[in-house]
Amino acid sequence: NSGLTIADLMVEYTGGQLALGRVNLTIPEYGIYTIIGPSGCGKSTLLRAIAGLLQDYHGEILYNGKSIHNQETLIGLVPQSYGLLPWKTVYSNIQIAMNISHPERRNNQDQELQIRHWLELMGIADLASRYPISLSGGQQQRVAIARAFAISPTIMLLDEPFSALDAMTRETLQQLFVDNWQANPTTTLFVTHDVEEAILLGEKIIVMTSDKEGLIELIDNPVFHM
Ligand code: ADP
Ligand code: ADP
């Protein structure tokens with residue numbers, strides 16, 4: 001039972017709307033799985049439950065056999081809409097996340113080196129003092145990815161991070177993500193609605209359907225090469 005295990009997960013939103021019915025899934029440690037499925041099938045709800053953003057769900061979410069929300073499991077989340085603090089610089093956005101996740105390194109020199117390292121790797125070292133509003137979508141997403149990797153999470157969750165970007169920017173960021181992930185593998189769940197992206201990035205592909213029963217099909221990706 002190592003890795004991320006989801007057992008009989010069921011989520012209802014207020015009003016009794018069933019958002020997710022009986023999901024069972026295991027992602028091994030350092031596994032990278034992609035999820036595809038139609039709009040409304042519950043992909044974001046699944047990520048929100050794992051991220052601890054839903055108070056109310058039935059079932060269990062475990063990491064290495066223990067409840068994920070009762071231990072120090074660090075979760076890195078990359079949303080479609082970047083999720084940067086608009087009144088903070090690029091540098092501060094990453095710094096704040098690191099201060100929260102690794103308070104022992106709060107604003108010390110090692111932390112600054114780490115931030116510089118990730119800005120460099122993501123090709124945004126020259127944007128450190130800029131505010132998110134002055135950046136393109138692709139640049140903001142680079143910051144969001146740098147921030148997610150910088151906290152060295154146990155689990156990384158990505159919710160259609162590239163779908164709002166133009167095709168060329170998307171390909172560039174997919175490659176950057178692959179390079180960074182290979183250098184720093186972490187248990188990863190990547191939601192996309194793009195089949196090509198699902199095949200490029202997932203060692204297994206989870207296909208969700210909208211009928212909310214049975215729900216998940218797991219496909220081995222024969223061309224996975226990461
Ligand atoms: P996906 O990410 O696959 O598009 P979601 O997880 O966003 O799907 O939504 C799953 C279902 O839950 C949908 O039927 C949606 O309408 C519903 N839903 C999502 N968020 C809420 C909410 N905050 N309140 C009520 N219903 C919601
Ligand atoms: P903001 O400009 O983000 O609103 P703050 O004044 O809250 O920022 O900055 C918080 C800290 O972040 C600063 O004291 C500084 O240590 C650090 N910081 C912000 N931008 C940079 C940068 N470009 N290079 C180095 N450190 C920075």
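Exactly one of these conditions fails for residue 60: (1) assigned to a strand (DSSP E or B); (2) crowded, with 21+ Cβ neighbours inside 10 Å; (3) of a type outside the set (Val, Ile, Thr). Give me its number.
(2)
Within the group 183, 164, which residue is among the hydrophobic types (A, V, I, L, M, F, W, C), modelled with pLDDT under 95 and more than 15 Å from residue 82 (Cα to Cα)?
Step by step, each of 183, 164 is checked, and only 183 is among the hydrophobic types (A, V, I, L, M, F, W, C), modelled with pLDDT under 95 and more than 15 Å from residue 82 (Cα to Cα).
Confirm whether residue 18 is away from ligand 2 (no atom under 16 Å from the Cβ) and surrounded by 15 or more Cβ atoms within 10 Å (Cβ to Cβ).
It is false that residue 18 is away from ligand 2 (no atom under 16 Å from the Cβ) and surrounded by 15 or more Cβ atoms within 10 Å (Cβ to Cβ).
Output the number of residues of the range 147-175 satisfying the condition of being open to solvent by less than 30 Å² (accessible area, probe 1.4 Å) and farther than 22 Å from residue 52 by Cβ.
Matching residues across the range 147-175 total 4.
Could you pull out the residue among 27, 68, 61 that is modelled with pLDDT under 95, within 25 Å of residue 217 (Cα to Cα), out of contact with any Pro (no Cβ under 8 Å at 6 or more places or on another chain) and aliphatic (A, V, I, L, M)?
Answer to the check: 68.
In the range 181-220, which residues are within 25 Å of residue 21 (Cα to Cα) and open to solvent by less than 20 Å² (accessible area, probe 1.4 Å)?
Selection gives 187, 188, 189, 190, 191, 192, 198, 202, 205, 206, 208, 215.
Consider only pairs whose beta carbons are under 6 Å apart and that are at least six residues apart or on different chains; among these, list those whose first residue lies in the range 26-50 and is more than 10 Å from ligand 1 (Cβ to nearest atom) and whose second residue is open to solvent by 10 Å² or more (accessible area, probe 1.4 Å) and among the basic types (Lys, Arg).
33/204
From the set of residues in the range 125-139 that are in a loop (DSSP other than H, G, I, E, B) and within 11 Å of ligand 2 (Cβ to nearest atom), which is surrounded by the fewest Cβ atoms within 10 Å (Cβ to Cβ)?
Result: 129.
Scanning the range 71-82 for residues that are open to solvent by less than 40 Å² (accessible area, probe 1.4 Å) and either in a loop (DSSP other than H, G, I, E, B) or at pLDDT below 90 (or both), which turns out nearest to residue 48 (Cα to Cα)?
My answer is 79.
Here are some conditions: (1) part of a helix (DSSP H, G or I); (2) within 21 Å of residue 152 (Cα to Cα). Residue 44 meets all but one. Which one does it not meet?
Answer for residue 44: the failing condition is (2).
In the range 84-112, how many are open to solvent by 30 Å² or more (accessible area, probe 1.4 Å) and closer than 27 Å to residue 174 by Cβ?
6
The values are calculated or read from the model by the stated rules, or taken from the named source; none is laboratory data. Keep in mind that this is a model prediction, so the values were computed, not measured. Every residue, glycine as well, gets a Cβ built from its backbone with ideal geometry; the counts of neighbours run over all protein chains shown. SASA here: full protein model, heavy atoms, side chains in, ligands and nucleic acids out. Shrake-Rupley method; radii C 1.70, N 1.55, O 1.52, S 1.80 Å.
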